[in-house]
Every structure is written in C-alpha cells, then in structure tokens.
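In what follows, a single structure is set out as structure tokens and then discussed.
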Amino acid sequence: METLEAFYQRIAKPLPQNLENGIGHFNVFTRQECAQIPYSRKDYFKITFLKGKHKVHYADKTLQSDHFALMFSDPLVPYSWESLDGKKCGYFCIFTEAFFHHYGALRSYPLYRPEHPKLFLLNEESAHEVETIFEKMLLEMNSDYAYKDDLLRAKTLELIHIALKMQPAAIAAEAQSDKKRKIDTLFNELLERQFPITSPYERLELKNPSDFARLLNIHPNHLNRTLKELSEKTTTERIAERVLEEAKILLKHSSWSVSDIAYALGYEESAHFIHFFKKKLNQTPQNYRLLQNV
C-alpha cells in the first residue's frame, strides 16, 4: 500500500507541513506531474480526470476509455492505468477520509463501495464541466482564502455527484489469467490490511470466504477455485494460515490473555480458538507461549 509520504516521494515533491495535523489532507495536481503507477492500493482517496486513450485496471476488472473519463479510487481497491496513446493529460486530486470529518460520510456514497464501478466515460460537455472543477480546485489550493477547504470539499462532492448521474464504463475483454491474478492480489490485499493487530480492542472484520467474496463482488466458489488454482490452497486455508501467523506473534510478543487474542482474531469463544490452534500446531496457545518464552 502506498502512503501519502511515499506518494510525495514518488512525484519528487516536498512533504506538506500540514500532513500530520490531524485535520485531514487534500491536494490537486495535473497528471503531467505524476509518473506511471504500479498496480497497488493507496492509503488515500483519489479522483482522476483522464484525457486520451487509457486502459484502467481495478480489482479484477479492466476497462477502456478512448476520450475522457472520471476515475474514483480508494484505499480498499488496488488499481493502475496505462496510456494507450502516450498522453498524460488531465488532473487528479488526493484526499484522506479525515478531510471530510464532520462534513460528509464518504463511505455512504456507492462509488466507495468495493463492488461499485469506478470509471465513468464523459462526453465533451461533461468533460469540460469536470475540467473546470479541477481548474477551480487548483486556484483555491494556491489562494489565501480562509475557508478554501470548505470550497475544496464542495468541489470534490460535485465530482462525486456528476459521476453518480452517469453510466459507468463497460468492462473490457481481458485474459482469464490476468483476471485471476488480480483476484488473488485483491484478496491478499484485503486480508493483509487487517494486520498487524495492535490492540485487544481491535477485531478482524473479514473472517470467512463469503466476507471476501462479497467485497470482491464474486461468488465464494469462484474465489475459492481461483485461489486454489494459483496457490494450491483454498480460501479458508489462506485465511487460517494468516490468522495462525498473527496468533503466534501475539502469543510470543504480547501480554494479552488467550481470550483477548481469541476475541481480536474473530472468535466468539476462546475455546474455539484453542481448538483451532491445537489442531494446527498440536499444542495449546498457552503451551506455545510458555515454550516460546523459555
């Protein structure tokens, strides 16, 4: 996952002084300022106005834009795009969820649900409207107006509502092997973003294959077949393997009780966790902890 710090390093720009001020972050750029990005997740939100011919990859989907498009990305879904005509025209803005604190719930909009389309094709009229919004964002970013953040939030929401009124781009044809690799990548990203667990009050949100399949917008059986073909392990086995790894880390390096660890790892009853652990390692969690700390 690319952090904001890594993003500014990648585009060779100084880190903004207000990045850690707790009120959230927003910035806007022309696309000429950004190099080609790898297929990955980012820990910030991004809205991009693409001009020219592009192929866009997000989650397990590939879409194509031949003229103008509006792309929405967020921390849950890995993505990348490639220019098919060598042009890097357009704009993009980046922001954190904290920037909209007390202003609006970003996750309440369908655009920021993992299963919702992310790319919207624009005609010349709507492209001009979107480009004008980005140009106004740039002007506000460089102004000394005391309430410019409110205007930037309003402009961002305007882009969201423009997209919600539009028809999303159609999914392009793609090789089955590429699609399977993207499913595997996204599954792993969703799994890993839950770790490490740093507090006994945290808890795994995604615990079983259907949780992951729902976010990937595919059937659990399709997810299972794909993962087993690529890794020779089922979805359940992949999840259990990572949960066991985290359990071992917490038993060795924390002072949490076994019941606290069980709760954090998604078990309603500590007895179920103890049974899982003993089945995998032929010893109880408490015995494992004692042996590791000898």
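The values are calculated or read from the model by the stated rules, or taken from the named source; none is laboratory data. Keep in mind the model is a prediction, meaning the values are calculated, not measured. Glycine gets a Cβ as well: all are built from the backbone with ideal geometry, and neighbour counts include every protein chain shown. We work out accessible area using only protein heavy atoms, side chains counted, and drop any ligands, DNA or RNA first. Shrake-Rupley method; radii C 1.70, N 1.55, O 1.52, S 1.80 Å.
Which one is surrounded by the fewest Cβ atoms within 10 Å (Cβ to Cβ) among residues in the range 96-109 that are touching a residue at least 60 places away in the same chain (Cβ under 8 Å) and part of a loop (DSSP other than H, G, I, E, B)? Per the criteria, the residue is 101. Restricting attention to the range 110-158, the residues that are of a type in the set (Lys, Arg) and open to solvent by less than 80 Å² (accessible area, probe 1.4 Å) add up to 4. The single condition from (1) touching a residue at least 40 places away in the same chain (Cβ under 8 Å); (2) within 17 Å of the chain's Cα centre (by Cα); (3) within 17 Å of residue 163 (Cα to Cα) that residue 63 fails is (2).
Please verify whether residue 69 is more than 17 Å from the chain's Cα centre (by Cα) and not in a loop (DSSP other than H, G, I, E, B), treating the condition exactly as stated. So residue 69 passes the test. Residues in the range 264-278 that are part of a helix (DSSP H, G or I) and aromatic (Phe, Trp, Tyr) were compared, and the one that is most open to solvent (accessible area, probe 1.4 Å) is 276.
Among the residues making up the range 127-163, those that are under 19 Å from residue 81 (Cβ atoms) and not aromatic (Phe, Trp, Tyr) are 127, 130, 131, 159, 163. Among the residues examined, residue 45 qualifies as at pLDDT 75 or above and either touching a Ser or Thr at 6+ places or on another chain (Cβ under 7 Å) or open to solvent by less than 20 Å² (accessible area, probe 1.4 Å) (or both).
Here is a yes/no grid of residues against (1) surrounded by 15 or more Cβ atoms within 10 Å (Cβ to Cβ); (2) within 25 Å of residue 42 (Cβ to Cβ):
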site: 184; (1), (2): yes, yes
site: 190; (1), (2): yes, yes
site: 212; (1), (2): yes, yes
site: 221; (1), (2): no, no
site: 239; (1), (2): yes, yes
site: 258; (1), (2): yes, no
site: 262; (1), (2): yes, no
site: 280; (1), (2): no, no
